[in-house]
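Everything below concerns the one structure shown next.
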């Protein structure tokens, strides 16, 4: 079995929502947290992976090329997890 670093799941969720919406405020509304919380999660994730995910002014950040790629990958991964949950939950009535 492969050893894995502990992933910052909350930061991944926050970034995925921000990338999908294109706005930190919309991500905050979706996740019922503050704009500041989303910003801190994104900063933590950028430090964790060692790459900037947003650029530009703080009041109008936009995704970097890396941020776009990573955002699409996270959305696909979360969609796959949600699909797996639905499949497993349907099979639970056995």
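The values are calculated or read from the model by the stated rules, or taken from the named source; none is laboratory data. Because the structure is predicted, anything quoted here is derived from the model rather than measured. Note that each Cβ is placed from the backbone with ideal geometry, even for glycine, and that neighbours are counted across all protein chains shown.
Against the test of being out of contact with any helix residue (DSSP H, G or I) (no Cβ under 8 Å at 6 or more places or on another chain), on the phi > 0 side of the Ramachandran plot, modelled with pLDDT under 95 and exposed (fewer than 14 other Cβ atoms within 10 Å of the Cβ), the options 56, 91, 50 yield a single qualifying residue, 56. Of all residues in the range 21-36, those satisfying the criterion of being touching a residue at least 12 places away in the same chain (Cβ under 8 Å), touching a helix residue (DSSP H, G or I) at 6+ places or on another chain (Cβ under 7 Å) and either under 20 Å from residue 7 (Cα atoms) or not in a helix (DSSP H, G or I) (or both) are 27, 31. Total residues in the range 37-47 satisfying the condition of being under 14 Å from residue 66 (Cα atoms) and either in contact (Cβ under 8 Å) with a residue 24 or more places away in the chain or touching a helix residue (DSSP H, G or I) at 6+ places or on another chain (Cβ under 8 Å) (or both): the figure is 2. Residues in the range 5-19 include at least one that is outside any helix (DSSP H, G or I) and touching a helix residue (DSSP H, G or I) at 6+ places or on another chain (Cβ under 7 Å).
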